[in-house]
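**Student:** Handing you this structure, nothing more for now.
The values are calculated or read from the model by the stated rules, or taken from the named source; none is laboratory data. What you are looking at is a predicted structure, and each value in this text was computed from that prediction instead of being measured. Backbone-built Cβ (ideal geometry, glycine too); neighbour counts: all protein chains shown.
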Amino acid sequence: MQTTDIEKIVLNSGVGSAVSDKKFLDNTEKALVQVAHGQKPILTYARKSIITFKLREGMPIGCKVTLRKKRAWDFLFELININLPRIANFQGFSQKKFDQVGNYNLGIDNLNIFPTVPYDLTFKNQGVQITIVFKSSS
């Protein structure tokens with residue numbers, strides 16, 4: 001019999017057009033610390049230069065944090081029971097958001113649905129991409 005368990009949950013937030021704004025990147029990093037219950041995120045850097053976006057190789061473009069074991073389960077419990085019900089028109093989970101491997105991807109448009117994030121850290125509508133990675137054992 002095949003069982004499925006959560007291996008990790010990855011929270012990724014890019015700063016987009018505010019890549020040159022150091023304060024916005026710092027606020028995004030602080031907000032992810034609040035969402036991840038104190039776990040410090042790492043910065044993600046541009047792999048190649050894109051002149052159209054005024055982006056150079058090695059520039060910080062966002063941050064991400066990986067939650068494992070108990071922190072992943074605690075985050076998932078809080079996400080499902082506290083945070084997602086705060087979204088006004090939440091229609092539930094779509095089955096189309098599974099990738100070929102079976103991992104689930106979910107995008108949150110605004111970090112203000114998380115009650116642990118102070119409002120002054122999200123002065124722009126900053127979102128987060130949530131990837132739930134499953135491990136399966138037979």
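**Student:** Between 97, 64, which is farther than 19 Å from residue 41 by Cα, touching a strand residue (DSSP E or B) at 6+ places or on another chain (Cβ under 8 Å) and not aliphatic (A, V, I, L, M)? Can you show your working first?
**Tutor:** Working: 64 fails: farther than 19 Å from residue 41 by Cα.
On inspection, the qualifying residue turns out to be 97.
**Student:** Show me the strands (runs of 3 or more DSSP E) entirely contained within region 59-137 in which 1 or more residues are in contact with a Phe, Trp or Tyr (Cβ under 6 Å, 6 or more places away or on another chain) and aromatic (Phe, Trp, Tyr).
**Tutor:** Because the criterion is at least 1 residues that are in contact with a Phe, Trp or Tyr (Cβ under 6 Å, 6 or more places away or on another chain) and aromatic (Phe, Trp, Tyr), the strands (runs of 3 or more DSSP E) in region 59-137 that meet it are 104-108.
**Student:** In addition: Step by step: first the residues of region 75-109, then only those that are in contact (Cβ under 8 Å) with a residue 24 or more places away in the chain and more than 19 Å from residue 125 (Cα to Cα), then the one that is surrounded by the most Cβ atoms within 10 Å (Cβ to Cβ). Which residue is that?
**Tutor:** This residue is 75.
**Student:** May I pose another question? Provide a single number: the residues in region 70-116 that are over 22 Å from residue 14 (Cα atoms) and among the aliphatic types (A, V, I, L, M).
**Tutor:** 4
**Student:** Using beta carbons and a limit of 8 Å, which pairs, at least six apart or on different chains, have the first residue in region 36-59 and at pLDDT 80 or above and the second one part of a strand (DSSP E or B) and of a type in the set (D, E, K, R)?
**Tutor:** Pairs found: 41/64; 42/64; 44/64.
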